[in-house]
1. What dipole magnitude, in Debye to the nearest 20, does the range 96-298 give about its Cα centre under +1 on Lys/Arg Cβ and -1 on Asp/Glu Cβ?
2. Expressed in nm², what is the orientationally averaged projection area of the convex hull enclosing the Cα positions of the range 252-291?
3. Roughly speaking, what is the centre-to-centre gap between the range 120-180 and the range 1-62 when only Cα atoms are used, to the nearest Å?
4. Just the Kirkwood number for the range 3-92, please: inverse of mean 1/r across all distinct Cα pairs, in Å, one decimal.
5. Which value at 222 nm does the chain reach when only helices count, each DSSP H run of 4 or more adding -39,500 (n - 2.57), with the total divided by all residues and rounded to the nearest 500 deg cm²/dmol?
6. With a point put 7 Å past each Cα toward its Cβ, work out how far Glu101 is from Arg34 in nm, to one decimal.
7. Send over the per residue convex hull volume for the chain, Cα only, as a whole number of Å³.
8. Let me check I have the definition right: for the range 205-263, take the eigenvalues of the Cα gyration tensor, multiply each by 5, take square roots. What are those semi-axes in whole Å, largest first?
Amino acid sequence: MTPEVARCLRRARLDPLTASVRALSGGITNRNYRVDAAGRSYVLRLGGKHAAELGIDRRREAACARIAARLGLGAEIVAFLPSQGALLSRYLPGRPLSRAEARRPRTLLQVARALRRLHAGPAFPGRFCAFATVERYTELARRRGLFLPLGLDEARRRLARIKEAAGQRPARPCHNDLLAGNLILAGPRLSLIDWEYAGMGDPFFDLGNYAANQELGPDAASAFLRAYTGRERPQDQARLELMRLASDLREACWGFLQAGVSELAFDFKGYGKKYLERFLRRSSGPRFFRLLAAVEGAGS
């Protein structure tokens, strides 16, 4: 147990001398630990440095996580330690979804139901916009003199077309980081963890983000959308696909910025290039313009 972990446990009124602590794998921003103490199990999350540059507000995150817990969508927050960027929550029994599981029809239905409940729930503090996030990450990376591929400028021009076509829709509480590992399955119950990027935003970004992260094929993406909306409209399908592209470019720029600020041993540059290349590949050709036209023709 590190001195930092021991300090956090004491501040959360847990005895580090009798607690059992082990590091949890997964995650490429923070350090996570399972803590067993006084007959109960917890997860201690120590936030990575430079979180503010990534758009992470720890107070907002804690507030969003508490709302999600009240909705039955997340873990109970036991303690928030802002000076250390630490969050202690109840340990959720179950396991993170694998990407294969995340594509299954039953899981798509569960996730769609959870997102409907989240998007219809109480307002979150703060806002999230993928388009603004891409510009912010790019500017911060340039100020730091970090690696930015030549294709990024063309990608940003295409993203501007997506933003123009998508317009503005009423903001709803969104998670905005729906990686398979951020969904915990315990029997019939599905819970969401990691609310770092949560805020008021476009619900279709959550849908596109999930589709992008799980690499849903056309049939699975259509089934996911039907489970969420209860109908199948071409303009909704087009909006999901455009937000899926926006998710990829957000992920790419996140990787390029993380390459210069993170202290974790991870190939962030390669991570960013992978998502940038996928964005450029999928936003080229006639299909991209058909998606834009479908959303523009439907209005906001």
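The numbers here are math on the coordinates, done by the rules we state, and not lab data. Keep in mind that this is a model prediction, so the values were computed, not measured. FYI the Cβ positions are ideal-geometry reconstructions off the backbone, even for glycines, and counts take in every protein chain you see.
1. Roughly 380 debye, rounded to the nearest 20.
2. 2.9
3. 28
4. It works out to 13.4 Å.
5. Taking each H run of at least 4 residues, the total per residue is -16000 deg cm²/dmol.
6. Placing both labels 7 Å along Cα→Cβ, they lie 1.4 nm apart.
7. 125
8. Taking √(5λ) for each eigenvalue gives 28, 10, 8 Å, largest first.
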